[in-house]
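Notes follow once the structure below has been shown.
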Amino acid sequence: MFDYLAGCFRGATNLVKGLNVTFRTMLEPPVTILYPYQKKKVAERYRGIMGLTAKAKEDMKKQEAGVESGELKCISCFKCMEACPVECIDIQRERGGKGKFILKGFSINFARCTFCGLCVDACPVDDKAIVHSRHFEEVFFERKEMVFDMDKLSLVGTGIRPNDPQGERFELSTFGREPE
Ligand code: SF4
Ligand code: SF4
């Protein structure tokens, strides 16, 4: 009889404890948001899809004749390509004057990229020629669309969605770089 009553008491106590958690949670503000209409701020060092950054206008004036790397900071050193553990970076370059290289092509296969950040870490250029963005909403229907060429990577490097240039701009990550 005593065991039976003790069991009933334990059951009632546990029920009250459980309901206590339920009622407390009911009074807390919701943690869910109505994505995509509401969005949380992405962490500053978030490693989203990568882009190529461009030189500032004053640096462009110093650019030497014969080095046609366009506006991009990339010096075609291959360090990011060599650092990539899944070999998803492909760079084409040609020899230019004074031992420098001309960047002819740069692509990243985001179907293979693990967003590890090793390419950004390896880049020797000041403030990085290749950077992660805080962009995570790119949608693809075919795997071949996940290979970004130099034009698309340049857009990402300026915060523009390559598949929706008129769409909402995004920020670049500070991963591997000094915060702006
Ligand atoms: S983030 Fe990692 S996997 Fe992706 S391109 Fe860079 S090094 Fe390669
Ligand atoms: S490491 Fe930097 S500078 Fe060198 S090829 Fe890659 S992006 Fe260009």
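Note on the range 123-136: among residues that are closer than 14 Å to residue 177 by Cα and not charged (D, E, K, R), the one that is farthest from ligand 2 (Cβ to nearest atom) is 133.
Against the list (1) surrounded by fewer than 18 Cβ atoms within 10 Å (Cβ to Cβ); (2) within 11 Å of ligand 2 (Cβ to nearest atom); (3) farther than 22 Å from residue 55 by Cβ, the condition residue 139 fails is (2).
Report whether or not residue 174 is modelled with pLDDT under 95 and among the hydroxyl-bearing types (Ser, Thr, Tyr). Judged against the criteria, residue 174 is not a match.
Hey, could you check the range 13-35 for residues that are surrounded by 10 or more Cβ atoms within 10 Å (Cβ to Cβ) and of a type in the set (A, V, I, L, M) and say which is nearest to the chain's Cα centre (by Cα)? Residue satisfying both the conditions and the ranking: 33.
Quick one: residue 114 ticks every box in (1) more than 29 Å from residue 178 (Cβ to Cβ); (2) within 10 Å of ligand 1 (Cβ to nearest atom) except a single one, so which number is it? It fails just one condition, (1).
Helices (runs of 4 or more DSSP H) fully within the range 67-180 that include at least 2 residues being of a type in the set (A, V, I, L, M) and in contact with a helix residue (DSSP H, G or I) (Cβ under 9 Å, 6 or more places away or on another chain): 79-83, 118-122.
The values are calculated or read from the model by the stated rules, or taken from the named source; none is laboratory data. Just so you know, these numbers come straight off a predicted model, no measurement behind them. Glycine gets a Cβ as well: all are built from the backbone with ideal geometry, and neighbour counts include every protein chain shown.
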